[in-house]
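First comes the structure, then the notes that go with it.
Derivation of every value follows stated rules applied to the coordinates shown; laboratory data play no part. Computed from a predicted model, the values in this text were never measured in an experiment. Cβ coordinates were reconstructed from backbone atoms using ideal geometry, including for glycine residues, and neighbour counts include every protein chain displayed.
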Amino acid sequence: MAETCDSIIIGAGIIGSATALALARKGWKPLAIDALPAAGYGSTSASCAIIRPYYSTVDGSAIAYESHFYWKDWPAFLGFADERGLARYVNCGCTILKTGRNGQLAAILSIMDELGVPYAELDAAALQDRLPGIDLNAYAPPKRPEDPAFGLPNGGTISGAAFFPTGGYISDPQLAAHNMQRAAEAAGAAFRFNSRVAEIATRDGRVAGVTLTDGTTIAAPVVVNVAGPHSSKVNRMAGVDKGMKIGTRALRHEVAHVPAPEGLDLERNRTVFSDSDIGGYCRSETGNFLLIGSEDPECDPREWVDPDEYDTEFSEHWRTQVMRAAQRFPKLGIPSDTRGVVSLYDVTDDWIPIYDKSDLPGFYMAVGTSGNQFKNAPIAGEMMAELIVACEGGQDHDREPVGFRLRHIGREVSIGFYSRQREVNPDSSFSVLG
Ligand SMILES: Cc1cc2nc3c(=O)[nH]c(=O)nc-3n(C[C@H](O)[C@H](O)[C@H](O)COP(=O)(O)OP(=O)(O)OC[C@H]3O[C@@H](n4cnc5c(N)ncnc54)[C@H](O)[C@@H]3O)c2cc1C
């Protein structure tokens, strides 16, 4: 006889584990299934895990700001001790440069004012105090190294930045997923690893369960796609992709791990730094290192890939990203040995995720996290659990969207913001900034 459970979650990354935890806290007994050997071994493990409150939309920013409070009190949120210890929130704040490309932050700061997010504006001198050695020439637009103007100042200067104290990063994103797994197990969830879902079964017009590659069948009236960069493959298995206006695709990305620029002690002066003028972001990493990622400038080709078949070696992007960062921090060396990660974002058409039901009753999805949803994982899990309970209770979310209360900041958002049926959101940055 087939195994049965009340809900199956495909994928035990940070968001799948959070969904398992939130459902278990509502009295369900979810089973999270993952093809990999442990929670958070997929794209979660490659995450820079930056926490920041600013996005290009009000709802996106509200949820991101709320997430700070979950991470700030992580032990209380989990309510459970993990034998491996707890992931640490390095609440160092984050700095974003005022640039011509982000309209000197006017739109973002107006959203921050609307939400009551604290920030301080820094002039050029304050910025230099905070980040000794920073070069405040403007270089925009970001260029490719083969462009003769690469690395040449454009004649303008950076006027300043905004510093947000409710930000930073999580020390170990994979451990955070493991923490979530342990808390979920304590609440009644189960996890099964090294198990790949190969088929999704339907019966009488609704989802009926899954079949694994080894032939095991598991019956469940609810199945949730949280498969990260594999999300479009899982949606195709369920046949729900045709009922979506917004699609998801896997995008290859590289993050460089390099020694801190000479003269900058990132052990004492931890930082998160976003710089649209050169098209990159960086954050400190343990041992006085710097992680450098891309903000997807228009000049760089986007590498859409098959998540089961992509190049896991570093390419020339690695060096380009480091050289761009060296425009801002001229004392940054360019190491000859490439270190860091090559991984995948699961990107939607407007770089805003999909947290939604589907046209197949009982089949849900938390997908398209677009390189920017690690921070929101605890809330994404709770939103998915609210959505599932409401829909299974008969609510038609497509017509009457389920609401979600952001309890720390005292605001209600509509989960309909993340609908698969939305039009492409024109307010999005169409980049990892969301
Ligand atoms: C390089 C990089 C940097 C990032 N930096 C940040 C950041 O600074 N801040 C931020 O907020 N976000 C960031 N993100 C995004 C964030 O990490 C992701 O949004 C988040 O980790 C996604 O979690 P997930 O659980 O949805 O997916 P994943 O962690 O990818 O988990 C999906 C899981 O599904 C499993 N799976 C897939 N298909 C199947 C199947 N058929 N059967 C069984 N299991 C299956 C996979 O094995 C995988 O473990 C970054 C992402 C990357 C790649």
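For the chain, what does -39500 (n - 2.57) per DSSP helix run (n ≥ 4), summed and divided by total residues, give at 222 nm, in deg cm²/dmol to the nearest 500?
Values: 10 runs with 105 residues, N = 434.
Helix-only estimate at 222 nm: -7000 deg cm²/dmol.
In a Debye calculation with equal point scatterers on the alpha-carbon sites of the stretch 1-82 and no solvent, what is log10 I(q)/I(0) at q = 0.23, 0.24, 0.27 Å⁻¹?
Normalising to I(0) and taking log10 leaves -1.24, -1.26, -1.27.
For the chain, take the longest principal axis of its alpha carbons; what is the angle in degrees between that and the long axis of helix 106-115, to the nearest 10 within 0 to 90?
On a 0 to 90 degree scale, this one is about 50.
For the stretch 56-199, build the charge dipole from Cβ charges (+1 Lys, Arg; -1 Asp, Glu) around the Cα centre, then report which of 60, 104, 154 sits farthest towards its positive end.
Looking along the dipole axis, the top candidate is 154.
Calculate the radius of gyration of the Cα atoms of the stretch 282-327 to one decimal place, then report Dmax, the largest Cα-Cα distance, as a whole number, both in Å.
12.8, 35
When the chain is treated as a GNM, springs tying every alpha-carbon pair under 10 Å, which of 343, 315, 231 comes out with the largest mean-square fluctuation?
The residue with the greatest mean-square fluctuation here is 315.
Helix 316-328 versus the longest principal axis of the chain: what angle, 0 to 90°, nearest 10, using Cα atoms?
50
Determine the shape class of the stretch 1-48: with a ≥ b ≥ c the square roots of the Cα gyration tensor eigenvalues, call it rounded for a/c under 1.5, and otherwise prolate if a/b is greater than b/c, oblate otherwise. Walk me through the numbers before you get to the answer.
Details: a/c = 4.02, a/b = 1.56, b/c = 2.58.
The shape class here is oblate.
Treat every Asp and Glu Cβ in the stretch 144-269 as -1 and every Lys and Arg Cβ as +1, leave all other atoms uncharged, and give the resulting dipole magnitude about the Cα centre to the nearest 20 debye. Mind showing how you got there, number by number?
Details: 13 positive and 12 negative charges, 157 e Å.
Rounded to the nearest 20 debye, it is 760 debye.
Find which of 344, 364, 332 sits farthest along the positive direction of the dipole of the stretch 317-391, computed with +1 on the beta-carbon of Lys and Arg, -1 on that of Asp and Glu, about the Cα centre.
My answer, from the dipole projection, is 332.
Hey, got the dipole for the chain? About the Cα centre, +1 on K and R Cβ, -1 on D and E Cβ, debye to the nearest 20? Intermediate values should be presented prior to the final figure.
On the way: 40 positive and 55 negative charges, 121 e Å.
Its charge dipole is roughly 580 debye.
Based on the Kirkwood radius over alpha-carbon pairs, what is the Stokes-Einstein translational diffusion coefficient of the stretch 109-265 at 20 °C with 1.002 mPa s viscosity, in µm²/s? Kindly include the intermediate steps, with their values, before the conclusion.
Details: Rh = 21.8 Å.
Rounded, D is 98 µm²/s.
Rounded, prolate or oblate: pick one for the stretch 209-291, where a ≥ b ≥ c are the square roots of the eigenvalues of its C-alpha gyration tensor, a/c under 1.5 means rounded, and failing that, prolate if a/b is larger than b/c, else oblate.
Details: a/c = 4.05, a/b = 2.46, b/c = 1.65.
Because a/c hits 1.5 or more and a/b exceeds b/c, the stretch 209-291 counts as prolate.
Using Cα pairs closer than 8 Å and at least 6 residues apart in sequence, work out the relative contact order for the chain, in percent.
Values: 1019 pairs, mean separation 98.6, N = 434.
The value is 23 percent.
Between 0 and 90 degrees, rounded to the nearest ten: what's the tilt of helix 14-25 against the longest Cα principal axis of the chain?
40
State to the nearest 20 debye the size of the charge dipole of the stretch 152-226 about its Cα centre, where the only charges are +1 on K and R beta carbons and -1 on D and E beta carbons. Working shown, then result.
On the way: 5 positive and 5 negative charges, 17 e Å.
Approximately 80 debye in magnitude.
Calculate the all-directions average of the projected area of the chain's alpha-carbon convex hull, and give it in nm².
Numbers: hull surface 80.7 nm².
Its average projected convex-hull area is 20.2 nm².
State the percent of C-alpha pairs, over all pairs in the stretch 254-359, separated by a distance greater than 17 angstrom. Display every interim value, and only then the final one.
Working: 3189 of 5565 pairs.
Result for the distance tail: 57 percent.
Take the Cα atoms of the stretch 45-151, find their three principal axes, and give me the spread along each one in whole Å, biggest first.
Extents along the principal axes, in whole Å: 55, 34, 27.
Lysine pairs in the chain with alpha-carbon atoms under 24 Å apart, 8 or more places apart or on different chains: how many are there?
15
Regarding the stretch 98-186, what whole-number volume in Å³ per residue does the convex hull of its Cα atoms give?
Details: hull volume 15.2 nm³, N = 89.
That works out to 171 Å³ per residue.
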